[in-house]
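The values are calculated or read from the model by the stated rules, or taken from the named source; none is laboratory data. Computed from a prediction, not measured in an experiment: that's the story for all the values here. Methodologically, a virtual Cβ is constructed for each residue, glycine included, from the backbone with ideal geometry; neighbour enumeration extends over all protein chains shown. All accessible areas refer to the heavy atoms of the entire protein, side chains included, with ligands and DNA or RNA removed. Shrake-Rupley method; radii C 1.70, N 1.55, O 1.52, S 1.80 Å.
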Amino acid sequence: MIPLTLAQIAQVTGGQLHGEPAAVVTGEVVIDSRRAGPGGLFAAVAGERADGHDFAPAAVAAGAAAVLATRPVGVPSILVADVPAALAALARFVVDSLPAARIAGLTGSSGKTSTKDLAAQLIERLGPTIAPAGSFNNEFGLPLTVLRADACTRYLVLELSARGPGHIAYLCGIAPPRYGAVLNVGHAHAGEFGGLDQVARAKGELVEALPADGTAILNADDPRVLAMAGRTAAKVVTFGVASTGACVQAADVRLDDLGRPSFTLLTPEGPAAITLRLHGAHNVPNALAAAALAREVGLDLAGIADGLSAAVARSRWRMEVHHRGDGVVVINDAYNANPESVQAALAALHHLAQGGRGFAILGHMAELGDTSRASHEDIGELAARADLAGLIAVGEEAAPMLAGARRVRSWTGEALAVPDGAAALGAIANQLKPGDVVLVKASRAARLEDVAADLIKGAAQ
Ligand SMILES: Nc1ncnc2c1ncn2[C@@H]1O[C@H](COP(=O)(O)OP(=O)(O)OP(=O)(O)O)[C@@H](O)[C@H]1O
Ligand SMILES: [Mg+2]
């Protein structure tokens with residue numbers, strides 16, 4: 001955070017100051033009052049369950065210098081009409097105050113956080129880098145991330161999400177990227193957008209925002225992403241696993257027993273051998289995107305190769321592979337789910353379960369609109385084709401997976417629909433034996449990480 005007086009904050013946000021104008025905010029800007037700390041700024045937001053304004057005194061008691069709020073809170077504050085807009089204005093002010101900081105933005109339907117974490121671990125080799133923890137990718141998370149930058153910051157690696165048209169353009173207005181990577185166009189939130197072409201329109205707002213001296217990093221294996229080349233003034237650089245001719249490619253992709261990919265990275269500077277510590281073949285395109293981005297920012301091939309091979313998963317519940325003492329393996333991929341990411345996870349499960357039995361505990365995939373039922377059926381079919389020993393569909397919306405699994409006549413595994421995570425745990429816990437692999441995955445709302453945690457502990461055994 002660059003130090004800002006309350007008077008400056010009021011001026012930048014167009015807010016009304018209630019407090020000491022010369023008091024300075026030096027600490028983090030947060031929207032969770034429990035994270036408020038000395039010298040920080042607490043932004044009060046009214047959520048579904050709680051109203052941040054009620055926690056303003058607690059935030060100040062914890063050391064916050066002031067509160068950004070929409071109504072009087074009885075403690076030092078800046079009153080604004082709209083808190084997200086105020087955060088955006090503050091973040092933009094910080095960006096404009098730090099002209100030496102280069103901004104890279106990443107978007108796509110799946111893999112933003114995984115790729116952002118990889119890219120950050122490469123780019124921070126070049127200098128002080130700010131990147132969010134987890135998925136801080138919306139109108140709150142992005143400005144809060146930007147506000148962590150200070151005079152030392154050289155790079156910002158930002159994740160941009162969209163649930164509708166204009167969202168990514170808005171985020172680009174807060175922190176105008178010089179580099180923009182688009183990973184893929186898939187079905188995440190496709191119901192809200194109205195279809196894949198609309199998703200592509202929205203994701204492409206990132207490359208439309210790039211300047212002529214910037215770089216668009218596009219996935220040549222995804223035609224909707226590649227077509228975005230026509231929507232940018234920036235230079236275009238491509239990556240691809242399957243695309244011969246992409247600027248950055250992977251050849252000879254192999255997976256070890258735990259599904260960790262090794263491959264030869266092909267770049268204009270030559271090849272390099274890479275072994276990822278992350279699990280799942282889907283992390284290969286993510287690694288290529290991160291490599292192509294870091295290469296543009298200025299990291300040399302040796303740095304990219306070292307960095308990719310050393311990079312670890314920084315964000316929780318994405319393809320975490322846990323070995324239980326009794327030889328059962330649990331894959332906690334419960335952070336989120338959409339058709340492409342479940343497909344990727346089932347492929348990884350199939351690979352890990354070679355020589356043993358594979359089980360999938362799958363909750364619903366949210367926000368798929370009219371295609372929801374059919375998509376859940378298709379996932380059931382994929383699970384059966386992955387030759388799992390068992391499929392447990394959790395919750396009503398996931399239940400159509402069973403009909404899909406039954407389409408595969410040759411499948412000998414068992415499919416079961418249960419109402420909730422506890423029932424899933426009850427159904428499987430006593431069946432597991434050494435060598436079995438269990439995948440746990442669902443949309444965020446299902447909170448299946450608790451099931452994964454119990455399975456890892458072996459609690460219900
Ligand atoms: N390239 C990819 N293709 C398909 N699935 C992927 C890919 N990369 C990651 N995944 C899977 O997608 C899920 C979400 O990964 P990640 O958190 O990186 O994506 P995200 O785009 O940031 O998601 P969100 O929209 O929730 O922020 C994980 O289960 C992960 O295993
Ligand atoms: Mg994310």
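Any idea how many residues of region 146-168 are open to solvent by less than 30 Å² (accessible area, probe 1.4 Å) and in contact (Cβ under 8 Å) with a residue 40 or more places away in the chain?
Residues that pass the stated criteria total 12.
Does Val297 satisfy the criteria of being modelled with pLDDT under 95, more than 10 Å from ligand 1 (Cβ to nearest atom) and either farther than 22 Å from Ser243 by Cβ or open to solvent by less than 50 Å² (accessible area, probe 1.4 Å) (or both)?
Details: modelled with pLDDT under 95: no; more than 10 Å from ligand 1 (Cβ to nearest atom): yes; either farther than 22 Å from Ser243 by Cβ or open to solvent by less than 50 Å² (accessible area, probe 1.4 Å) (or both): yes.
When the stated conditions are applied, Val297 does not pass them.
Just one of (1) within 21 Å of Ala209 (Cα to Cα); (2) crowded, with 19+ Cβ neighbours inside 10 Å trips up Leu68, so point out which.
Evaluating Leu68 over (1) within 21 Å of Ala209 (Cα to Cα); (2) crowded, with 19+ Cβ neighbours inside 10 Å leaves (1) as the failure.
So is Gly327 open to solvent by less than 20 Å² (accessible area, probe 1.4 Å), away from ligand 2 (no atom under 16 Å from the Cβ) and either modelled with pLDDT under 95 or touching a Leu at 6+ places or on another chain (Cβ under 9 Å) (or both) or not?
No: the conditions fail for Gly327.
For region 182-215, enumerate the residues that are touching a Cys at 6+ places or on another chain (Cβ under 8 Å) and either of a type in the set (Val, Ile, Thr) or open to solvent by less than 10 Å² (accessible area, probe 1.4 Å) (or both).
Leu206
What pairs come up if the first residue lies in region 246-263 and is on the phi > 0 side of the Ramachandran plot, the second is open to solvent by less than 60 Å² (accessible area, probe 1.4 Å), and their beta carbons are under 7 Å apart, counting only those six or more places apart or on different chains?
As it stands, the answer is Asp252/Phe263; Asp252/Thr264; Gly259/His279; Gly259/Gly280; Gly259/Ala348; Gly259/His351; Gly259/Leu352, since those pairs meet every condition given.
Do any helices (runs of 4 or more DSSP H) entirely within region 192-258 hold 2 or more residues that are under 30 Å from Gly358 (Cβ atoms), and if so, which? Can you show your working first?
Numbers: elements: 196-203, 205-208, 223-226.
The helices (runs of 4 or more DSSP H) meeting that bar number zero.
Of all the residues that make up region 75-115, how many are within 16 Å of ligand 2 (Cβ to nearest atom) and either surrounded by fewer than 20 Cβ atoms within 10 Å (Cβ to Cβ) or outside any helix (DSSP H, G or I) (or both)?
Here the count works out to 8.
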